[in-house]
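Reviewing the structure listed below.
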Amino acid sequence: MRGAKMKRTVGYNILLAVLLSLVACSAAPAPTPAPAPTPTPTPQPPAPARTHALPGDQVFPEGITYDPVSNSFFTGSTNNGDIFRGDLTSGRVTLFSAGGLDGRTAAIGMKVDSKTRRLWVDGGGTGLIFVYNADTGALVRKYTTPKVAQTFLNDVALAPNGDAYCTDSRRPTLFKISGASSEPGELESWLDFTGTPVQVTGNTTALNGIVVSDDGNYIIVVHSAAQKLYRITVASKEVSEVDLGGRAQGGDGMVLDGRILYVLTRTQDSDMIVRIEMSADFSRGTIKDSFRDTSFAFPTTIAKVGSRMLVVNSQFNARGAGRSPRLPFTVSDIPIPP
């Protein structure tokens, strides 16, 4: 009898344990479901190449610069000195400053200083350099370089402190104008290339495009006729050829993005933008690749806008008696290959 009672007690205990276990399980919160995986965004292809039409049938543009403040570009006419402003937001290109104003009959290389709102413009064979208010178009200052038999003020580059350096393709001089103050400084014949590796002879196009490193310590210039790049050390004014592993590299306009140098190059067979990876001290460079677009028409200079490149189509090869440019004159706006 006692054995049967014990068996029943054990059985009750087992049953009670099972029931309590079931109750506990039913009272426990449901496990939190694992979060759904975040979908990987699909890379969007870059916008295709497009062009911006310039007003006028005799523009023959050459220089270009990008203003990040207004999201616009400036380019100019080598024929009469017109300066145009292209709004990249609306796509409209309008006349910013009419040729002939302030004695400006040619507008070649140009750069905008987004901090001081100054637009620097080289005057080519006139020997003049102009500084304008990039917002209003008002003349800030005008410079006359020393008189010589031949001059062609070609391109301009800005240092981080606002100093402007201007190349002259016809004489062995690099001009400098201080831009660090509230008003532009005086014109200085900053560097005489006589006795340096840079040779300027006859009617050839010598120094052309120019860029300044982000720290302001180095200047890179391209010698179009010699098909070479040169480094100028700002502190010492030492000039040396950039080592490209024996490869020739001529060019026109240039853009320096960190240590990546883009050089607009034309050959007898084609035109392209060459991408060069520079060493830390800019004494050496490795040519990585090149790219172009079918919209190019004797391109001259370039300006980088994020992952895109603006390219001026000068059509200089359609200039002169018996030749006709393809209208309208344009600025190509192309994606930069990765």
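The values are calculated or read from the model by the stated rules, or taken from the named source; none is laboratory data. On a predicted model such as this, the values are computed, not experimentally measured, just so you know. Virtual Cβ from ideal backbone geometry, glycine too; neighbours counted across all protein chains shown.
If I filter the stretch 108-121 for residues that are over 22 Å from the mean Cα position of the chain (by Cα) and within 30 Å of Gly202 (Cα to Cα), do I get at least one hit?
Initial filter on the stretch 108-121 (over 22 Å from the mean Cα position of the chain (by Cα)): none.
No, because not a single residue in the stretch 108-121 is over 22 Å from the mean Cα position of the chain (by Cα) and within 30 Å of Gly202 (Cα to Cα).
Hey, Leu139 hits all of (1) more than 15 Å from Thr330 (Cβ to Cβ); (2) touching an Asp or Glu at 6+ places or on another chain (Cβ under 7 Å); (3) buried (at least 21 other Cβ atoms within 10 Å of the Cβ); (4) not β-branched (Val, Ile, Thr) but one; which does it fall short on?
Checking Leu139 against (1) more than 15 Å from Thr330 (Cβ to Cβ); (2) touching an Asp or Glu at 6+ places or on another chain (Cβ under 7 Å); (3) buried (at least 21 other Cβ atoms within 10 Å of the Cβ); (4) not β-branched (Val, Ile, Thr), the one that fails is (3).
If I filter the stretch 67-110 down to residues being crowded, with 23+ Cβ neighbours inside 10 Å and of a type in the set (Phe, Trp, Tyr), which single residue comes out as nearest to Val156 (Cα to Cα)?
Filtering the stretch 67-110 for residues that are crowded, with 23+ Cβ neighbours inside 10 Å and of a type in the set (Phe, Trp, Tyr), the one nearest to Val156 (Cα to Cα) comes out as Phe74.
In the stretch 277-293, which residue that is assigned to a strand (DSSP E or B) and not basic (Lys, Arg) is surrounded by the most Cβ atoms within 10 Å (Cβ to Cβ)?
Gly285
Could you list, in sequence order, the residues of the stretch 54-78 that are assigned to a strand (DSSP E or B) and either over 23 Å from Thr105 (Cβ atoms) or basic (Lys, Arg) (or both)?
The answer is Tyr66, Asp67, Ser72.
Filter the stretch 294-325 down to residues that are under 19 Å from the mean Cα position of the chain (by Cα), within 20 Å of Ser224 (Cα to Cα) and not in a loop (DSSP other than H, G, I, E, B), then give me how many there are.
8
Quick one: count up the residues across the stretch 212-234 that are part of a loop (DSSP other than H, G, I, E, B) and crowded, with 19+ Cβ neighbours inside 10 Å.
4
Looking at Val93, is it more than 19 Å from Asn313 (Cα to Cα) and among the hydrophobic types (A, V, I, L, M, F, W, C)?
Considered against the rule, which asks whether it is more than 19 Å from Asn313 (Cα to Cα) and among the hydrophobic types (A, V, I, L, M, F, W, C), Val93 comes out as no.
Within the group Glu238, Glu186, which residue is closer than 27 Å to Ser114 by Cβ, acidic (Asp, Glu), without any contact (Cβ under 8 Å) to a residue 40 or more places away in the chain and loosely packed, with under 14 Cβ neighbours inside 10 Å?
Unique residue meeting the criteria: Glu186.
So the check is Cβ under 7 Å with 6+ separation or different chains; which pairs have a first residue in the stretch 70-81 that's within 13 Å of Leu54 (Cβ to Cβ) and in contact (Cβ under 8 Å) with a residue 12 or more places away in the chain and a second one that's acidic (Asp, Glu) and not in a strand (DSSP E or B)?
Gly76/Asp82
Go through (1) modelled with pLDDT of 95 or more; (2) closer than 14 Å to Val305 by Cβ one by one and return the number of the condition Ser90 breaks.
In the conditions (1) modelled with pLDDT of 95 or more; (2) closer than 14 Å to Val305 by Cβ, Ser90 misses (2) alone.
Just one of (1) aliphatic (A, V, I, L, M); (2) crowded, with 16+ Cβ neighbours inside 10 Å; (3) outside any strand (DSSP E or B) trips up Ala248, so point out which.
(2)
So, Phe96, is that one in a strand (DSSP E or B) and either of a type in the set (Ser, Thr, Tyr) or touching a Gly at 6+ places or on another chain (Cβ under 7 Å) (or both) or not? I'd like the intermediate steps shown before the answer.
Details: in a strand (DSSP E or B): yes; either of a type in the set (Ser, Thr, Tyr) or touching a Gly at 6+ places or on another chain (Cβ under 7 Å) (or both): yes.
When the stated conditions are applied, Phe96 passes them.
Any idea which of (1) within 26 Å of Gly195 (Cα to Cα); (2) in a loop (DSSP other than H, G, I, E, B); (3) without any contact (Cβ under 8 Å) to a residue 40 or more places away in the chain is the one Lys176 doesn't satisfy?
The one condition Lys176 does not meet is (2).
Picking from Phe152, Phe130, which residue would you name as being closer than 24 Å to Gln58 by Cα, touching a Phe, Trp or Tyr at 6+ places or on another chain (Cβ under 8 Å), modelled with pLDDT of 95 or more and not acidic (Asp, Glu)?
Among Phe152, Phe130, only Phe130 is closer than 24 Å to Gln58 by Cα, touching a Phe, Trp or Tyr at 6+ places or on another chain (Cβ under 8 Å), modelled with pLDDT of 95 or more and not acidic (Asp, Glu).
Give the residue that is nearest to Ala225 (Cα to Cα), with candidates limited to residues of the stretch 195-211 that are part of a loop (DSSP other than H, G, I, E, B) and of a type in the set (Gly, Ala, Ser). Step through it out loud before you land on a result.
Step one: list which residues in the stretch 195-211 are part of a loop (DSSP other than H, G, I, E, B), which gives 195-206.
From what's left, of a type in the set (Gly, Ala, Ser): 195, 202, 206.
On the way: Gly195: 18, Gly202: 11, Ala206: 6 Å.
Looking at residues that are part of a loop (DSSP other than H, G, I, E, B) and of a type in the set (Gly, Ala, Ser), I get Ala206.
For the stretch 253-276, give me each residue that is within 18 Å of Gln315 (Cα to Cα), surrounded by fewer than 24 Cβ atoms within 10 Å (Cβ to Cβ) and in contact with a Lys or Arg (Cβ under 8 Å, 6 or more places away or on another chain).
Ser270, Asp271, Met272
Do we have any residue at all in the stretch 32-49 that's modelled with pLDDT of 60 or more and either touching a Pro at 6+ places or on another chain (Cβ under 6 Å) or part of a strand (DSSP E or B) (or both)?
yes
Let's see how each residue does on (1) of a type in the set (Asp, Glu); (2) assigned to a strand (DSSP E or B):
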residue	(1), (2)
Thr126	no, no
Tyr132	no, yes
Gly137	no, no
Val140	no, yes
Thr151	no, no
Arg170	no, no
Ala180	no, no
Glu183	yes, no
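Could you list, in sequence order, the residues of the stretch 113-123 that are surrounded by fewer than 24 Cβ atoms within 10 Å (Cβ to Cβ) and not basic (Lys, Arg)?
Scanning the stretch 113-123 gives Asp113, Ser114, Thr116.
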